[in-house]
Amino acid sequence: MSYPACPKCHENYTYEDGHLFVCPMCFHSWDKMAQAAAEEALITRDINGNILEDGDEVIIAQDLKLGKDTIKQGTKVRSLRILDEPHDGHDIQGRVAGFGTLYLKSSVVKK
Ligand SMILES: [Zn+2]
């Protein structure tokens, strides 16, 4: 098992102490459960809980209103990109035929 880098000083000398991770460089310690939760938060999942990655092809899981248009359920989304920073509540981006590149939410697509 590899230990996470220290979130405070970013050095890689982390060791375990009970339920804590400890950094000997700056003496910061943090909870293992918090670490696991933070890592989980970085993972983007579709409506079924499958992990989404850059370049994936997914389909729209429900009809989506886009202005006066509707993107129908089952529409393909190509060249998926996972956004590092959410954009207006959207966490993924992809190309939809007829609509171009759109910001989407991972909760409305499936692999
Ligand atoms: Zn540190």
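The values are calculated or read from the model by the stated rules, or taken from the named source; none is laboratory data. All of these numbers come straight from a predicted model, not from anything done at the bench. So basically every Cβ, Gly included, is an ideal-geometry build from the backbone, and we count neighbours across all protein chains shown. Protein only, heavy atoms only, side chains kept; ligands, DNA and RNA dropped before computing areas. Shrake-Rupley method; radii C 1.70, N 1.55, O 1.52, S 1.80 Å.
Quick rundown of the values:
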quantity	calculated
Neighbourhood charge, 15 Å Cβ-Cβ cut-off, centred on Glu16 and excluding it, Lys, Arg +1 and Asp, Glu -1	-1
FRET E, pair Gln73, Tyr103, Förster distance 22 Å, beta-carbon r, rounded to 0.05	0.75
Heavy-atom accessible surface of the chain: percent carbon and sulfur, 1.4 Å	50 percent
Full-extension gain in nm, Glu11 to Phe27, via 0.36 nm per residue minus C-alpha separation	4.7 nm
Per residue solvent-accessible surface (Å²) - the chain, probe of 1.4 Å	67 Å²
Orientation-averaged projected area, Cα convex hull of segment 1-74 (nm²)	7.8 nm²
Of Lys68/Lys105; Lys32/Lys110; Lys68/Lys110; Lys8/Lys32; Lys76/Lys105; Lys8/Lys105, pairs whose Cα-Cα distance is over 26 Å	Lys32/Lys110; Lys8/Lys105
Equivalent ellipsoid, segment 1-42 (semi-axes from 5 times Cα gyration tensor eigenvalues, Å)	16, 11, 9
Contour minus Cα-Cα distance for Lys65 and Gln35 (0.36 nm per residue)	7.1 nm
